[in-house]
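Where a number appears in this text, it was derived from the coordinates with a stated rule and is not lab data. Just so we're clear, the structure is a prediction, and the values are computed from it rather than from any experiment. Every residue, glycine as well, gets a Cβ built from its backbone with ideal geometry; the counts of neighbours run over all protein chains shown.
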Amino acid sequence: MKIAPSILSADFTCLGEEIRKVEDAGADWLHVDIMDGHFVPNLTIGPFVVEAVRKAARVPLDVHLMISDPDKYAPEFIKAGANWVSVHPDTCPDPAKTLQRIRGLGAKASIAVNPDVPLEKVEPLLDHVDMILMMTVFPGFAGQAFIADVLPKIEQARKLVAARKLPVLIEADGGIKADNVDIVTKAGAEVIVSGSGIFKTPDYAVTIKKMRSAVGE
C-alpha cells in the first residue's frame, strides 16, 4: 500500500513544513487536487503552487486534475513537477489521446472515475493508463464522508486489470481514514489518498502507522 496524503487538507500557512512532516511520517506520495470552479464547484491551486510543492517535496507528486480543459493545462502541471496526472474522461474530447500525451511528456497517466461513472466508460482506456483513480466521494471539497457503495466497483476495477494482466495501479480517494482503510485495500486499492484523515490528526506518523497496521503492514 502506498499512502498519498492530500495537501488540500494541509495548513497552507506553513505548507513546506507540512510537507516535511508528512514525508517524515512515512508518506509515499503527495496528492495534489487541482480544481477550476467549472468541472467541480471549487477553486484550489495552479501550476505555480505545484512548482513550489515540487521544490519542497522529496516524494512523487500525484496531481488530480478536476478541470474542464486538461488538454490545455496538463502539460503545465507536468512542467511544474507532476509525476502522476489523473484526468476525468468527461473533460477530454479524446481521452485516449490526452492520456497518451501525458505519458509522452514524461508523467504517468491516470483516469479518474467518479462514484456515478460506470467502469465501462473507462475500460477501453486501460491500455493507455498507469493507474485508475476510484473516487469514493464526489470531487470538489475535502472532508466528505466515504461512499461505501464504491467498494464493489473498486473490486471490479481490480479484476479488470488482473484479467488483462496490466501493470495498472488502483488508487482510492475520498473519506479514507485509519478506521476504514482496511476495507478499501481489501477491495483492491493499492494507493490510498487521505486528506483530513491525516492532516487533521495530531500526529501524522501515528496516523500513518495506524493505517498500515490496519491493513497488516
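Okay, here's what the table says:
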read-out: Gained length - Arg103 relative to Phe138, 0.36 nm times residue gap less alpha-carbon distance; value: 10.0 nm
read-out: Euclidean distance between Cα centres, segment 121-155 to segment 18-70, Å; value: 18 Å
read-out: Exposure proxy ranking, count of Cβ atoms within 10 Å, fewest first, for Thr13, Thr185; value: Thr13, Thr185
read-out: Bridge type composition, segment 2-214 - antiparallel percent by DSSP, nearest 5; value: 5 percent
read-out: Mean residue ellipticity (222 nm) of the chain, computed from DSSP H runs ≥ 4 via -39,500 (n - 2.57), nearest 500; value: -10000 deg cm²/dmol
read-out: In order through segment 170-184: 3J(HN,Hα) via Karplus (6.51 cos²θ - 1.76 cosθ + 1.60), integer Hz, x for Gly, Pro; value: 10, 10, 10, 8, x, x, 8, 9, 4, 8, 9, 4, 5, 6, 6
read-out: Exposure proxy ranking, count of Cβ atoms within 10 Å, fewest first, for His88, His64; value: His88, His64
read-out: Amide H contacts of Ile3 (H built 1.01 Å from N, under 5 Å, at least 5 apart or other chain); value: Asp28, Trp29, Ile192
read-out: Vicinal HN-Hα couplings computed from phi for segment 119-124 (Karplus, 6.51 cos²θ - 1.76 cosθ + 1.60; Hz; Gly/Pro x); value: 4, 4, 6, 10, 4, x
